[in-house]
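*Asks:* Provided herewith is a single structure, encoded as structure tokens, for subsequent inquiry.
The values are calculated or read from the model by the stated rules, or taken from the named source; none is laboratory data. What you see is a predicted model, and the numbers here were worked out from it, not measured in a lab. Neighbour counts run over all protein chains shown; Cβ positions are idealised from the backbone, glycine included.
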């Protein structure tokens, strides 16, 4: 079996029965597996993680969007998280046996189907974007559903990739894209000096000249007496977790501050984790097929190891 | 699904059709998965790695032994590797959802069945041994099939756990046991000084007062101009890979020799590998369920993550 991952975000975090209805296609579609479900009532948002054969996964996503369109009215929706759609954002990530290009193709096809079958305009983002200026989510979601509904969708540069210049009256618009696996990695420093954390975050992040494919910000963790350098590593083939860790560790050490501990947040792929072990042990060559559980996974999904 | 691993070793490494016949039950039994097959003509030996639901795995092992008994005559067998049986050694290792105690129970039950159904006497070893003096394989296999056949089986302390005081005329005897997952880990030092390697191997191994659950020896790697400290870590909960690595690295550094590189040999479990990453990054808490592939494996085998 060839596997791709989707992490669809829906604008519903308070009504469990609605989230269950949206998640149902991921449970019921053969060759698709729902790995994780998170509901957040403050953000009023649900994040699902599903894995499956690309074609089946795309069909399950479309069916889930159909439910979201039927059950969510963004005119009635409030929550802390920026959003423009009932089905808000759907990134695809390549896994075992699938390529990045296939993830891009899957995203573009789903975006077209959401428009044609559900009459919800769609935007392509990240690596699925057709215009480099449309890669980033914040620009697409600026002002949220309300801004698009009230006319922003007709502004130059904000027209959808699929659809006309009007949002769906209740379901808004949907952003679909493709990206590499992302690792959410926090390093907690044994200090309460937030300015130090900010300097290190600035030094490590790509946007201010740091490490490629690293986003970073400093977070004040008053309760634990720490400052956190919170990072998203968006391509660990380019900047591995170990490299980001050592950068932050060295920058803090230069100011006399040790690392207290780190945190890996959410689901992490085996490959970036194995790369950390390989680096720490100076292991010359190692393949994912050497990991017993990966071998089993390959056998179970019918891929040759 | 609850999973256990078996790594049965058979005394046939030259006739592929015989190894295929022996491996067939692992391919054909539902809820059992054959992960790896290795044939070595010099050792004249095959090593299979299979994973499955404990009951089904035990039945597949018994069926494979039946084939080995039918197809291998140890009186005609030659090879470098010590052996006493057509089915020579069968260790069970607990995996997802199974305990060490179950692996011991599975080993003891298989040992009884091999005697009762195939008339091959069996020995219990490692954690399945009923006598602490019978834990180690070299003692059980001393002198090989020929010694047992020629009367050693009747010596005090060498009587089988199941069976009478005669080997099976062609299939000899079989050793069955249970152990923790084993990690084969080599550290190659940038030196040609074999004595240095021997000193470090002696320092690190448990039998001469080093780290618990570590076996080690020095290997002269003339071709690459290195000396290798070759280790078996038999319980990485007790001595993790990182600890063994740092011990060898520090001992070599104390004599001015750096580590050139390391090697992880064969299949490695995700848990000991993740522990290395956790140590290297100072990650406070991490669960196997955070690894995406493990989550998928849990879903595929019907275990809740």
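*Asks:* Quick check: anything in the stretch A:213-222 touching a residue at least 24 places away in the same chain (Cβ under 8 Å), assigned to a loop (DSSP other than H, G, I, E, B) and surrounded by fewer than 20 Cβ atoms within 10 Å (Cβ to Cβ)?
*Replies:* Yes.
*Asks:* Moving to a separate point now. Within the bounds of the stretch A:234-251, is there any residue that is more than 28 Å from residue A:2 (Cα to Cα), surrounded by fewer than 17 Cβ atoms within 10 Å (Cβ to Cβ) and over 23 Å from the mean Cα position of the chain (by Cα)?
*Replies:* Yes: one or more hits.
*Asks:* Looking at the stretch B:194-216 only, could you name the residues that are closer than 27 Å to residue B:94 by Cα and touching a strand residue (DSSP E or B) at 6+ places or on another chain (Cβ under 9 Å)?
*Replies:* B:204, B:205, B:206, B:207, B:210, B:211, B:213, B:214, B:215, B:216
*Asks:* Further question: Based on what the data block shows, is residue A:243 outside the structural domain of residue A:298 (by TED's automatic domain parsing) and outside any strand (DSSP E or B)?
*Replies:* yes
*Asks:* OK, next. Find the residue count for the stretch B:253-296, including only residues that are assigned to a strand (DSSP E or B) and at the interface with chain A (Cβ under 7 Å from one of its Cβ atoms).
*Replies:* Result for the stretch B:253-296: 8.
*Asks:* How about the stretch B:240-252: which of its residues are more than 7 Å from chain A (Cβ to nearest Cβ) and within 23 Å of residue A:295 (Cβ to Cβ)?
*Replies:* So in the stretch B:240-252, the residues more than 7 Å from chain A (Cβ to nearest Cβ) come out as B:240, B:243-244, B:246-252.
Residue satisfying the conditions is B:240 alone.
*Asks:* While we're here: Do the conditions hold for residue B:229, that is, is it in contact with a helix residue (DSSP H, G or I) (Cβ under 8 Å, 6 or more places away or on another chain), within 14 Å of another protein chain (Cβ to nearest Cβ) and buried (at least 20 other Cβ atoms within 10 Å of the Cβ)?
*Replies:* Numbers: in contact with a helix residue (DSSP H, G or I) (Cβ under 8 Å, 6 or more places away or on another chain): yes; within 14 Å of another protein chain (Cβ to nearest Cβ): yes; buried (at least 20 other Cβ atoms within 10 Å of the Cβ): yes.
Taking the combined requirement at face value, the residue satisfies it.
*Asks:* Look at the stretch A:42-65 and say how many of its residues are more than 13 Å from chain B (Cβ to nearest Cβ), farther than 22 Å from residue A:79 by Cβ and assigned to a strand (DSSP E or B).
*Replies:* Summing the residues that are more than 13 Å from chain B (Cβ to nearest Cβ), farther than 22 Å from residue A:79 by Cβ and assigned to a strand (DSSP E or B) in the stretch A:42-65 gives 0.
*Asks:* When residue B:266 is evaluated against the numbered criteria (1) surrounded by fewer than 18 Cβ atoms within 10 Å (Cβ to Cβ); (2) farther than 25 Å from residue B:38 by Cα, which criterion, by number, is the only one it fails?
*Replies:* (2)
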